[in-house]
Amino acid sequence: MRPAKTRQILTAPLTWRAMSGGERFRETLTQQLQPMLGKMYGCHLLKLGALSAQINTEACAISHQVNVAPAGEGLQVQADLTQLPFASKSVDACLLAHTLAWSPDPHAVLREVDRILIDDGWLMLSGFHPASLLGLGKLLPWVRQRAPWNSRLFSQVRLIDWLHLLNYEVVWCSRFQVLPGNGRGGRLISTHLPALGCQQLLVARKRTFPLIKTPARRAAGQASIRTVVGAARHLRSKR
C-alpha cells in the first residue's frame with residue numbers, strides 16, 4: 001500500500017471560489033450533508049480546514065460551531081490541524097470537507113481528530129474520488145497543476161480502511177456529482193449513476209469496545225458456568 005504521508009508541498013485553496021467549479025462542489029456537498037446534520041447532537045462542532053469553514057451547517061442542532069484552519073476566511077481559531085488546541089474527548093462532531101485532499105500527512109490529521117472527539121462522536125469526511133471524470137484530469141500535465149486537480153485523491157475504500165483502523169463505524173457513505181461542472185444533465189446523470197461521482201462523503205462514529213474482559217467479569221462468568229454444570233450432575237444422580 002502506498003504511504004499516505006508525502007513530502008510534496010501542497011497549496012490548499014482558501015476558498016471554494018479559488019478552484020475550478022468550486023461553488024458547484026460546495027453546493028452539492030452541502031446538500032448531501034443536510035440529512036446527516038439533522039441527526040447530530042451535542043455541544044461542540046469543529047469545522048476543520050478553510051473549505052469546511054464555508055460549508056453551511058445551520059441544520060445541525062449543535063449550536064457552538066468553531067471554524068479551525070491554518071489560514072482562511074471566517075476563522076475563530078487559527079491552528080495546525082495536526083496539533084489542535086483542544087482537550088482530549090472534548091468535541092462532539094468534526095467536519096473535514098476536502099481537508100485531507102491537501103494534507104501532507106492525512107493520518108496525523110485523523111489521529112488528532114480522534115484524540116479530541118468524544119466516544120460516539122461524529123466524523124464527516126469528504127473528498128474527491130480518483131475513479132471519476134475529475135480523477136482523469138490528473139493525467140493532463142496542463143490541468144493537474146490547478147485546483148482541484150492538484151489535490152490528493154483517496155478512494156472510498158482506502159478512507160474506510162483508515163477509519164476502521166481507528167475503530168470508527170461508517171454509518172453512511174455516498175458518491176455524487178458525476179460531472180464537475182454545472183447543468184441539468186449533470187444532475188440527471190448523478191441521480192442515476194452515483195457510483196461515478198467525483199465527490200464522496202463518509203459519515204462515521206467513534207466507537208469504543210472493550211478488547212478483553214476484566215478479571216472480575218471473567219471470574220463471574222466462570223462461576224455461573226460451574227453452578228449450571230453442578231446442577232445438571234445433581235439431576236443425573238437422582239435418576
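The values are calculated or read from the model by the stated rules, or taken from the named source; none is laboratory data. Every value quoted in this text rests on a predicted model; they were computed, and no experiment measured them. For neighbour counting, all protein chains shown are included, and Cβ atoms are generated from backbone atoms with ideal geometry for every residue, glycine included.
Every test in (1) assigned to a helix (DSSP H, G or I); (2) of a type outside the set (Asp, Glu); (3) surrounded by 16 or more Cβ atoms within 10 Å (Cβ to Cβ); (4) more than 15 Å from the chain's Cα centre (by Cα) is passed by Gln31 save one, and that test is (3). For Lys47, the stated conditions do not hold, so it cannot be described as of a type in the set (D, E, K, R), in contact with a strand residue (DSSP E or B) (Cβ under 9 Å, 6 or more places away or on another chain) and over 22 Å from Trp172 (Cβ atoms). For the residues Gln200, Gln145, Gln156, the requirement of being exposed (fewer than 14 other Cβ atoms within 10 Å of the Cβ), at pLDDT 85 or above and polar (S, T, N, Q) singles out Gln145. Within segment 165-185, can one find any residue that is under 20 Å from the mean Cα position of the chain (by Cα), assigned to a helix (DSSP H, G or I) and either at pLDDT 65 or above or under 26 Å from Cys94 (Cβ atoms) (or both)? Yes, the conditions are met somewhere in segment 165-185. The residues of segment 98-126 that are buried (at least 18 other Cβ atoms within 10 Å of the Cβ) and aliphatic (A, V, I, L, M), listed by number, are Leu100, Ala101, Val109, Leu110, Val113, Ile116, Leu117, Leu123, Met124, Leu125.
When Lys39 is tested against (1) within 21 Å of Gln177 (Cα to Cα); (2) among the charged types (D, E, K, R); (3) at pLDDT below 95, only condition (1) is not met.
Residues that are under 23 Å from Arg111 (Cβ atoms) and either basic (Lys, Arg) or surrounded by 15 or more Cβ atoms within 10 Å (Cβ to Cβ) (or both) within segment 59-78 comprise Ile62, Gln65, Val66, Asn67, Val68, Ala69, Gly72, Leu75, listed in sequence order.
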